[in-house]
Amino acid sequence: MKKPIIYSKDYCPYCDKAKELLKSKGVAYEEIRIDLEVEQKDIMIERSGGRRTVPQIFIEDFHVGGCDELFELDAQGKLDDLLELEKKENKAEHRKVIIMGSGPAGYTAAIYAARANLAPTIISGPQKGGQLTTTTDVDNFPGFSDGVDGNELMTSMEKQAKRFGTEIIFGEITKVDLSQKPFKLYEGEKLFTCDALIISTGASARYLGLGSESKYKNRGVSACATCDGFFFKGQKVAVVGGGDTALEEATYLTNFCEKVFLIHRRDEFRASKAMQERAAKNEKIEILWDSAVDEVLGDDKQGMTDLRVRNLKTGETKEIGAKGLFVAIGHTPNTTLFKDSLEMDENNYLRPEGDSSRMNVPGVFACGDVMDSTYRQAITAAGSGCKAAMDAERWLGEQEA
Ligand SMILES: Cc1cc2nc3c(=O)[nH]c(=O)nc-3n(C[C@H](O)[C@H](O)[C@H](O)COP(=O)(O)OP(=O)(O)OC[C@H]3O[C@@H](n4cnc5c(N)ncnc54)[C@H](O)[C@@H]3O)c2cc1C
């Protein structure tokens, strides 16, 4: 078995995810903390061909890339070969209830299902703990009068789900077959079957779709300020978007960046009033209204070096001197796996029956952001997770009666 090297730093949810995946395979890895061994930061940037994001993962001389690329290799079934892991016999494993996803919806469904003696299994997905693991401040989850760190909240939910006997498997479902019972779920080559399925796969960050954006992804372009803002200490950066996430990320970045440009297509924000007031008061934030990213500028050696912004009213373009771009333009529901089997709305959000969590295939339930394009909050996701577990319990009871 080969021993990979992970370049990481403190507070890096993607580093934790990459490590979890390797741990789940029983792989020992070497971790190099670039915040503790500062000379290693430059070594990492050079070894990875100019990347300025963590983690950067190497399997001997092979550069895997970041966390997403590690998971991509796993989903393609190539990671085990690269690590030279022994092949395991591929036998189906059956569970009564499987919950896909480990955000607030998935963990809450697990807490309720476990307390109803349904012995649920969570298959965590690539982002263990879900979207909240990318934020430090959760001020609106009831029960935390002084606010709570997103990671802490999710770790606590995980502990609570485990306390009642939830099994948690770190992995990502790559294919489903809901055409007959038991349902079939594939995690790469591994097959799980289940009697009832709760889907809480949430939503993923959306990108602008520019060629230069993907060219400089991880080399100046990021979708997670709390993970990668660290690399832009004392520099100018830009955030694009107009919702809560964009304003929160812009405000967060002012803690260590010289200046933050907030680029928005319109002349008003969608974000909550409180968030808008906070951003407006912050002297380090300059809002570029009616504007869009025209091009991410850079070169192969340095990665992103500047950002060209276009004023949509005048057509004028200008380079703003930003060394980093944080894309915060919303989310796409993680429903691709279900496009042939489950009902969805025009934006591909799952559409349960009425105000229940029941999907059009009996025995399948949906909760959280994957079926909610309106509220998209931790508490609403948790509430719908409770509903899904109760609906599943009722449905399983009816099958046994
Ligand atoms: C930066 C940021 C700050 C936020 N701040 C707040 C806040 O302060 N207060 C608040 O209430 N809300 C906040 N939100 C919104 C909140 O995080 C979401 O509404 C909530 O996390 C949704 O929960 P969920 O369980 O539905 O999905 P998610 O949290 O998105 O979790 C989805 C889970 O499904 C998994 N998954 C995906 N695909 C698969 C697959 N194929 N197989 C298995 N698993 C899969 C993922 O890995 C993940 O674990 C914030 C969001 C962001 C991005």
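No lab work stands behind these numbers, since they all come straight from the coordinates. Keep in mind the model is a prediction, meaning the values are calculated, not measured. Backbone-built Cβ (ideal geometry, glycine too); neighbour counts: all protein chains shown.
Here are the numbers for this structure:
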quantity	calculated
For the stretch 211-327, alpha-carbon Rg over 2.2 N^0.38 Å	0.98
In order through the stretch 33-38: 3J(HN,Hα) via Karplus (6.51 cos²θ - 1.76 cosθ + 1.60), integer Hz, x for Gly, Pro	8, 6, 7, 9, 10, 4
Straight-distance crosslink candidates among lysines, where the alpha carbon sits under 27 Å from K301 and sequence neighbours closer than 8 are dropped	K9, K41, K215, K217, K233, K236, K259, K318, K323
Within the stretch 184-250, trypsin sites (Lys or Arg not before Pro) in DSSP loop having at most 15 other beta-carbon neighbours inside 10 Å	R206, K233
Calculated on alpha-carbon atoms, Rg and Dmax of the chain in Å	21.7, 69
Modelled label reach - V361, point 7 Å along Cα→Cβ, the stretch 156-183 residues with backbone N closer than 15 Å	173-183
Net dipole in debye of the chain [+1 Lys, Arg Cβ; -1 Asp, Glu Cβ; about Cα centre; nearest 20]	120 debye
Fraction of antiparallel bridges per DSSP, the chain only, in percent to nearest 5	45 percent
Computed over the chain: relative contact order in percent, which uses C-alpha pairs under 8 Å that are six or more apart	16 percent
The stretch 1-42 - Kirkwood radius from inverse mean 1/r over Cα pairs (Å)	10.8 Å
